[in-house]
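The values are calculated or read from the model by the stated rules, or taken from the named source; none is laboratory data. Nothing here was measured: the structure is a model prediction, and the numbers come from that model. Quick reminder, even Gly has a Cβ in these numbers, built from the backbone with ideal geometry, and neighbours come from all protein chains shown. Remember, those area values only see protein heavy atoms, side chains included, never the ligands or the DNA or RNA. Shrake-Rupley method; radii C 1.70, N 1.55, O 1.52, S 1.80 Å.
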Amino acid sequence: MKPPAFWRNPAARLLPALLSPVEALVIRAARKRQEKAGWSAPVPVLCCGNASVGGTGKTPVVMELAQRLIRRGKKPHILARGYGGRVPDGTRVDPMRHGAGDVGDEPLLLASICPVWVGGDRVRGAERAIEAGADCLLMDDGFQNPGLRKTASLLVIDGGAGVGNGHVLPAGPLREPLADALARSTAILLTGADRTGLLPRLQACGKPVFQVFFKQSVEVAAVMGKPCIAFAGLGRPDKFFDTLRAAGVNLVGMRTFADHHPYTAHDLARLETEARRHGAVLVTTPKDHVRLPLEFQAQVISVGVDLIWGDEADPEWILDQFLEGEWHGSVAS
């Protein structure tokens, strides 16, 4: 399902007002949930999460932080929800045995970097990761999950979408009030250009604020000079198309699908027919590529993104603070 248009419109009044009684109940439940005491792991835990539904770019951030930790000689393991997966909580992702339908698409990508454990029960995943040798944990999402105490929480916000109309579900895209999320965060990461004017508000909250931008990775060279049809099932697929255009890719067609969309034979046949008609190559994101049937993956070029930090020292400072315990105990959940 696509998010309703009024979620993106700060001037919208009628529908948010009509939905305000339900919004109030969601806010009350979210705050009540945060009163629960979480389990404290014997290793540092860094959560990269968001306050809104839809893509903010947190998974590429988790991947990069994991790679940086490995270069430091650390043994990070990642905890992920595994959207749409059907394996038991606390299952370690095995790319040779699991598909996206088993563990979700993002965990499969993350597992190319370091061990990943999936499931809604983050404590079970954390316990098994530590038993397997993890000396630090990264959470891909879970910002609103109080079960596992965080050493630090990095609140990731999409610069293009901001916080939409500023309302909480179902009146808007937020999972909780922004003020609540900011209060519980340790630092804030704005991904992409600030197109909604949110940055000054974030900077005024008294927490460290960082910016990161995305560019297409080297795989984009495989599609340069060719007509391309791009498709994506993401929270914000337009971000993928924009970065392809910025890299100079000749897009003759763009097809969007819902986030985590399970591609059907009908979907693939339509994409294949359109590509043949235009003499084009098919290009998609790594997250979408792992959801394609193996026999179809060979027909599609996967192009990921590289992160460009506002200051290259920022990610190392984040990891320094996290590992040295400067933030330990500063986050209540």
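Would you list the helices (runs of 4 or more DSSP H) that sit entirely within the stretch 1-86 and hold 3 or more residues that are free of Cβ contacts under 8 Å to residues at least 12 places away in the same chain and open to solvent by less than 90 Å² (accessible area, probe 1.4 Å)?
20-33
Go over the candidates Gly172, Gly142, Gly164 one by one and state the one that is buried (at least 19 other Cβ atoms within 10 Å of the Cβ), touching a strand residue (DSSP E or B) at 6+ places or on another chain (Cβ under 8 Å) and farther than 22 Å from Ala37 by Cβ.
Gly164
What number of residues within the stretch 198-218 satisfy the criterion of being part of a loop (DSSP other than H, G, I, E, B), open to solvent by 40 Å² or more (accessible area, probe 1.4 Å) and closer than 18 Å to Lys58 by Cβ?
Number of matching residues: 2.
Does Gly101 satisfy being in a loop (DSSP other than H, G, I, E, B) and open to solvent by less than 40 Å² (accessible area, probe 1.4 Å)?
no
With Ala193, Ala183 as the choices, which residue is part of a helix (DSSP H, G or I) and surrounded by fewer than 20 Cβ atoms within 10 Å (Cβ to Cβ)?
Ala183
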